[in-house]
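The values are calculated or read from the model by the stated rules, or taken from the named source; none is laboratory data. Remember, predicted model here, so these are calculated numbers, not experimental data. Because the Cβ atoms are built from the backbone with ideal geometry, glycine has one as well, and the counts that use them run over all protein chains shown. Please note that ligands, DNA and RNA were not included when accessible areas were found on the heavy atoms of the full protein model with its side chains. Shrake-Rupley method; radii C 1.70, N 1.55, O 1.52, S 1.80 Å.
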Amino acid sequence: MKLILIIFCIATGLSSTGLAQVTPPDSVPASSGADSLLTSLMSDSSVSAQPLLPSKMIFTQRIFWGPKGLLRVMNLAPLTPEGREHELKIRRTMLVSHQVMGFVTLAGFIAQGIVGAKLYNATGDQYSRLLRTHDALATGVNITYTTTAVLSLAAPPKMLTERKGLSSIKLHKYLAVAHIAGMITTNVLAGMLHAHPELKPYHRAAAYTTFGAFALSIVAIKF
């Protein structure tokens with residue numbers, strides 16, 4: 001009888017030990033698994049989070065919209081996801097206005113070129129009238145040209161850095177450098193023509209070069 005009792009106790013102990021070893025993983029507290037999963041998701045999202053500003057910006061954008069730009073320092077444009085979403089809407093509006101003003105400026109260039117060509121062969125009263133018209137057109141073109149440039153240079157930066165390689169946007173920017181330089185040269189020479197009329201051919205060449213670069217920049221961005 002004692003032997004039977006001993007065997008029964010041993011068997012019972014082995015059974016309980018086996019059950020303890022094969023306890024299903026469901027008995028692990030659910031909260032620990034959920035916390036681990038949540039931590040993993042938060043870690044992944046922080047790694048793949050998209051930056052709010054591109055790594056490359058032109059100097060005017062960095063002055064106003066950079067991480068330490070004037071608008072950030074003055075707390076007028078906090079660098080937040082919501083703020084950047086609003087800035088991209090502002091950017092779109094400014095760039096659309098930039099294109100519209102570009103066409104207005106192009107029309108002014110054409111009108112000024114036509115009057116300028118007639119001015120070279122005019123004399124007497126006709127010369128005086130054409131000169132006044134040419135000067136008025138020049139003032140208008142300078143205003144619209146500057147407005148066009150400011151709308152682009154001061155616009156908030158895009159979300160991502162541009163891809164490597166030539167694109168229509170980059171070609172537009174390269175041509176912008178050319179017509180900005182031509183615009184400055186044209187205005188400087190225009191101020192010197194009264195004292196140095198021999199500079200007229202250079203003034204005309206600079207004006208035509210500026211017009212050509214400006215027209216091509218519009219074609220590049222549209223097509």
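Side notes on the structure shown:
- Matching residues in the range 85-123 - criterion: being modelled with pLDDT under 95, open to solvent by 50 Å² or more (accessible area, probe 1.4 Å), of a type outside the set (Ser, Thr, Tyr) and over 30 Å from Pro54 (Cβ atoms): Ile114, Lys118, Asn121
- If only residues of the range 63-91 that are in contact (Cβ under 8 Å) with a residue 24 or more places away in the chain and part of a helix (DSSP H, G or I) are counted, the one that is farthest from the chain's Cα centre (by Cα) is Pro81.
- Among the residues of the range 65-84, those identified as of a type in the set (D, E, K, R) and either crowded, with 18+ Cβ neighbours inside 10 Å or in contact with a helix residue (DSSP H, G or I) (Cβ under 8 Å, 6 or more places away or on another chain) (or both) are Arg72, Arg84.
- Taken over the range 183-223, residues that are closer than 19 Å to Asp135 by Cβ and either surrounded by 19 or more Cβ atoms within 10 Å (Cβ to Cβ) or not β-branched (Val, Ile, Thr) (or both) amount to 22.
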